[in-house]
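What follows is one structure encoded as structure tokens, with my remarks underneath.
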Amino acid sequence: MASERMRAFDAAIVAPAERRQVGRSVRSRVPRTAHAVWEAPADRRDPIETLAEQNRSRDPQLVPVRLERMAASPFAFLRGAALVMAHDLATTPSSGLHVQLCGDAHLLNFGVFNSPERRLVFDLNDFDETAPGPFEWDVKRLAASIVVAARAKGLDRVAARRAVIEAVSAYQDWMERYSAMTHLDVWYSRLEVAELLDLLDPSLRKSTTKRTDRAVAKNHLKALDKLTTMVDGRRRIVDDPPLVEHVTVERTQSRLESVFRQYRSSLASDRRALFDQYRFVDFARKVVGVGSVGTRCWIGLFQGPNGGPLFLQVKEARAAAPDLAVGRDSTLHAGRRVVEGQRLLQATPDVLLGWATDRVTGIQYYVRQLWDAKGSVDVETMSASGFPVYAGWCGWALARGHARTGDSSTISGYLGSSARFAEAVADFAEAYADQTERDHAALIASLA
């Protein structure tokens, strides 16, 4: 193993121009226009059965909540159907240009949050499905979500397509820019909200600033006020069943305390020193998201030495959708996969990210802060003029994550400077939005 590492370390670096040419040569095998096509294959996996298979290993009390949330709209269905789309993407032409995928890069899995330096940044913010894969899988999922969301907003086809083109063009343009930077500069780059706001038209700046201000207010103190109350002189998480509730399963607290001890060992020494200042107070089960509903998810309340609270979310991690779609077995701890994927893709990951296993049940978890000035944009209330701007931000953030983990020169060489790739992905997004609406209707019918 040591000799293999040394050979990799000593390997000659291929010049960017040569790697760009490698990307261009991929077009002969997979033309950029090949990404335009979506036609469900005759042997397509039944999406409702795919969801049913996932539900069999989830908490049966919460499965109805998941289905209810997914049935709310085609966009909600798309959010909860990352595995369905991963299986579909696995049947489409592949560039073979791999990056660390988000695996679930829809519009609402981008957002704002505080960096460790307390600067508000915009980035990807969900990594449950992160795994290696072709870069276009993330781009296509983002594009499809844009069209489905645009339709939900009542935007016409032209406006929806314009937003997709904005996102994919931003991805393409920024991949080109990142390919001209040193990799260290790419690694240090980030999308600071203050700088993004400066780029906005004044007509959009005020409303967008209000949204980001709400994210800043969503912190541990806000969580303390919203999620807890005083009971007999002690802080307790407020029950709101079935979404938030204490559980009475035997040994649950001792098991969770064991999980936190393991989690501590996954932290770097300075993070352990930070975590060690806090004392465990209370815990409860908390339902989150759409696709994650029914997986085991807990929140733990800790108290600091000077009275400040710390909320940690303990979330079950499972095999990633891209891995399942290609039949790849990962030997990595599922929680560790999520944590390491987040650290690869995100410019400023949570300083308290870690992982652990419930040794009684074998369930693998990752752990993160529950609220740390985190917020996502309300796409439904976003103005028609702001929608393509936000889509462009998502494309930019996705390019930055992919440039950190893939070969930006090769990908940029493949994409080129024309609109062929963006137009092709826009065609795919429209066709897959139609597919999503059909799948959503099938879910409604199955529930009926």
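Got a sec? Which of 196, 200 is buried (at least 18 other Cβ atoms within 10 Å of the Cβ) and over 16 Å from residue 406 (Cα atoms)?
196
Residue 65 falls short on exactly one of the conditions (1) under 30 Å from residue 288 (Cβ atoms); (2) surrounded by 13 or more Cβ atoms within 10 Å (Cβ to Cβ); (3) modelled with pLDDT of 95 or more; (4) not small (Gly, Ala, Ser), and that condition is (3).
Filtering 116, 132 for residues that are assigned to a loop (DSSP other than H, G, I, E, B) and not β-branched (Val, Ile, Thr) leaves a single hit, 116.
For (1) within 22 Å of residue 270 (Cβ to Cβ); (2) touching a helix residue (DSSP H, G or I) at 6+ places or on another chain (Cβ under 9 Å), each residue gets a yes or a no:
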site: 344; (1), (2): yes, yes
site: 362; (1), (2): no, no
site: 367; (1), (2): yes, yes
site: 383; (1), (2): no, yes
site: 387; (1), (2): no, yes
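Report yes if some residue within the stretch 145-163 is open to solvent by less than 30 Å² (accessible area, probe 1.4 Å), under 14 Å from the mean Cα position of the chain (by Cα) and in contact (Cβ under 8 Å) with a residue 40 or more places away in the chain; otherwise report no.
Yes, because at least one residue in the stretch 145-163 is open to solvent by less than 30 Å² (accessible area, probe 1.4 Å), under 14 Å from the mean Cα position of the chain (by Cα) and in contact (Cβ under 8 Å) with a residue 40 or more places away in the chain.
Listed by position, the strands (runs of 3 or more DSSP E) inside the stretch 232-349 whose residues that are within 16 Å of residue 365 (Cα to Cα), at pLDDT 90 or above and within 16 Å of the chain's Cα centre (by Cα) number at least 1 are 309-316.
Per-residue answers, yes or no, for (1) touching a strand residue (DSSP E or B) at 6+ places or on another chain (Cβ under 7 Å); (2) closer than 19 Å to residue 104 by Cβ; (3) touching a residue at least 40 places away in the same chain (Cβ under 8 Å):
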| site | (1), (2), (3) |
| --- | --- |
| 357 | yes, no, yes |
| 366 | yes, yes, yes |
| 380 | no, no, yes |
| 383 | no, no, yes |
| 402 | yes, yes, yes |
| 407 | no, no, yes |
| 413 | no, no, yes |
| 416 | no, no, yes |
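Only a single item in (1) buried (at least 21 other Cβ atoms within 10 Å of the Cβ); (2) under 18 Å from the mean Cα position of the chain (by Cα); (3) in a helix (DSSP H, G or I) is not met by residue 422, and it is number (2). Residues in the stretch 164-187 that are hydroxyl-bearing (Ser, Thr, Tyr) and in contact (Cβ under 8 Å) with a residue 24 or more places away in the chain: 169, 171, 178, 179. If I filter the stretch 283-296 for residues that are free of Cβ contacts under 8 Å to residues at least 24 places away in the same chain and hydrophobic (A, V, I, L, M, F, W, C), do I get at least one hit? The answer is no; no qualifying residue exists. Taken as a whole, the stretch 19-26 holds no residue that is open to solvent by 40 Å² or more (accessible area, probe 1.4 Å) and under 25 Å from the mean Cα position of the chain (by Cα). One residue stands out in the stretch 335-365 among those that are open to solvent by 40 Å² or more (accessible area, probe 1.4 Å) and of a type in the set (Lys, Arg): the one that is nearest to residue 122 (Cα to Cα), namely 343. Note on the stretch 418-439: residues that are more than 23 Å from residue 391 (Cα to Cα) and touching a residue at least 40 places away in the same chain (Cβ under 8 Å) amount to 1.
Table: residues versus (1) part of a loop (DSSP other than H, G, I, E, B); (2) of a type in the set (A, V, I, L, M); (3) out of contact with any Lys or Arg (no Cβ under 9 Å at 6 or more places or on another chain).
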residue: 17; (1), (2), (3): no, yes, yes
residue: 40; (1), (2), (3): yes, yes, no
residue: 57; (1), (2), (3): yes, no, no
residue: 67; (1), (2), (3): no, yes, yes
residue: 96; (1), (2), (3): yes, no, no
residue: 104; (1), (2), (3): yes, no, no
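With under 30 Å from residue 112 (Cβ atoms), among the polar types (S, T, N, Q), out of contact with any Phe, Trp or Tyr (no Cβ under 6 Å at 6 or more places or on another chain) and surrounded by fewer than 24 Cβ atoms within 10 Å (Cβ to Cβ) as the only criterion, which of 417, 385 stands out?
Going through 417, 385 in turn, the sole match is 385.
Out of all the residues in the stretch 186-208, which are of a type outside the set (A, V, I, L, M, F, W, C) and more than 23 Å from the chain's Cα centre (by Cα)? The answer is 198, 201, 202, 203, 205, 206, 207. Only one entry of 332, 324 meets the criterion of being in contact (Cβ under 8 Å) with a residue 24 or more places away in the chain and open to solvent by 10 Å² or more (accessible area, probe 1.4 Å), and that entry is 324.
The values are calculated or read from the model by the stated rules, or taken from the named source; none is laboratory data. Worth saying up front: this structure is predicted, and the values here are computed from it rather than measured. So basically every Cβ, Gly included, is an ideal-geometry build from the backbone, and we count neighbours across all protein chains shown. The area values use the complete protein model at the heavy-atom level, side chains included, leaving out ligands, DNA and RNA. Shrake-Rupley method; radii C 1.70, N 1.55, O 1.52, S 1.80 Å.
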